[in-house]
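Here the structure comes first, spelled out in C-alpha cells, and everything after it is commentary.
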Amino acid sequence: MKYCPKCGSQNKDDYRFCLSCGAALDGSDDWANTVPVDAAPHNPVPSNI
C-alpha cells in the first residue's frame, strides 16, 4: 500500500493519485504542469437563464 504524502491516506500500489485528496503519489506534483480546460466556449450558458 502507498500512503499519500499530503493527507496520509492509504492507496493501492498502482494508483498515481490519492483517492482522498488527489495529490500525486509518486512524489511529483503532476498537476503543476497541466493546463486547465476552459469549459466556457464548449458549454455556453443560455442567455435566458
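At a glance:
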{"item": "Amide H partners (placed H, <5 Å) of PHE17, local residues excluded", "result": "LEU25"}
{"item": "Pairwise label distance in nanometres, LEU19 with LYS2, each label 7 Å out on the Cα-Cβ vector", "result": "1.3"}
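Laboratory data are not the source of any read-out in this text; all were calculated from the coordinates shown. Remember, predicted model here, so these are calculated numbers, not experimental data. Every residue, glycine among them, receives a Cβ derived from its backbone with ideal geometry; neighbour counts consider all protein chains shown.
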